[in-house]
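J.: First the structure, then my questions, so here it is.
The values are calculated or read from the model by the stated rules, or taken from the named source; none is laboratory data. The shown structure was predicted, so the numbers you read here are calculated from the model rather than taken from an experiment. Every residue, glycine as well, gets a Cβ built from its backbone with ideal geometry; the counts of neighbours run over all protein chains shown.
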Amino acid sequence: MAVKTSTQKQVARIIVLIGKKVLLVEKESMPGLFELPGGQRKRNEGFKAAALRELKEETGIVVSVKALRRWGQATLVTTHDSHERVVVTIYTLNLDAKARKRVKPKSEITCCRWLTLPLHLRNQAIERKSALMLKYYHLFPLPSRH
């Protein structure tokens, strides 16, 4: 019998907000599924630096490290056969309405969409449990507009 080994990824994600809307991105590798911008941390890179790098690579948005606010961190275990552990650190970023025009899909991103937040998530006192409501921190099935 094969022994299953556990691996660990470290990921940074950003909840990018303009008013009541949140930015979601669609990757080439997962058509029809939308997630928060972000990705895997590089070796010797902090979570904030990873979040900012991924935001720039995926959407072209460049902001100061001071603009990010830590929202929370969770360790999740994937349900597929590898049982990979994923440490996810999530930040928030509030942008003004003018910034929306600067958001463009870059790199492996095929589409950027703005989704209106559900009423219970508009409150600034978001509970930690809401992070898990993001269903494994990403994967929002939305109809494609290509």
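J.: Restricting the stretch 91-105 to residues that are closer than 19 Å to Leu68 by Cβ and part of a loop (DSSP other than H, G, I, E, B), which is farthest from the chain's Cα centre (by Cα)?
T.: Applying the filter and picking the extreme gives Asp96.
J.: Mind listing just one residue for me: the one in the stretch 1-25 that is of a type in the set (D, E, K, R) and at pLDDT below 90 and, of those, farthest from Ala99 (Cα to Cα)?
T.: Of everything passing the filter in the stretch 1-25, Lys4 is farthest from Ala99 (Cα to Cα).
J.: Among the residues of the stretch 21-56, how many are part of a loop (DSSP other than H, G, I, E, B), touching a residue at least 40 places away in the same chain (Cβ under 8 Å) and small (Gly, Ala, Ser)?
T.: Count: 2.
J.: While we're looking at this one, here's another question. Consider the stretch 57-68. How many of its residues are in a helix (DSSP H, G or I), β-branched (Val, Ile, Thr) and over 16 Å from Ile90 (Cα atoms)?
T.: 1
J.: Still on this structure: Is there a residue being assigned to a helix (DSSP H, G or I), under 16 Å from the mean Cα position of the chain (by Cα) and within 14 Å of Arg13 (Cα to Cα) anywhere in the stretch 69-88? Let's see the steps before the verdict.
T.: Initial filter on the stretch 69-88 (assigned to a helix (DSSP H, G or I)): none.
No, there is no match, as no residue in the stretch 69-88 is assigned to a helix (DSSP H, G or I), under 16 Å from the mean Cα position of the chain (by Cα) and within 14 Å of Arg13 (Cα to Cα).
J.: Checking His138 against (1) assigned to a loop (DSSP other than H, G, I, E, B); (2) over 20 Å from Ile18 (Cα atoms); (3) modelled with pLDDT under 90: exactly one of these is not met. Which one?
T.: Every listed condition holds for His138 apart from (2).
J.: Criterion first (modelled with pLDDT of 80 or more and either in contact with a Cys (Cβ under 8 Å, 6 or more places away or on another chain) or buried (at least 16 other Cβ atoms within 10 Å of the Cβ) (or both)) does Tyr91 satisfy it?
T.: yes
J.: Looking at (1) modelled with pLDDT under 90; (2) surrounded by fewer than 12 Cβ atoms within 10 Å (Cβ to Cβ), which is the only condition Arg102 fails?
T.: Every listed condition holds for Arg102 apart from (1).
J.: Can you spot a residue in the stretch 51-62 that is of a type in the set (A, V, I, L, M, F, W, C), surrounded by 13 or more Cβ atoms within 10 Å (Cβ to Cβ), modelled with pLDDT of 90 or more and under 17 Å from Lys21 (Cβ atoms)?
T.: yes
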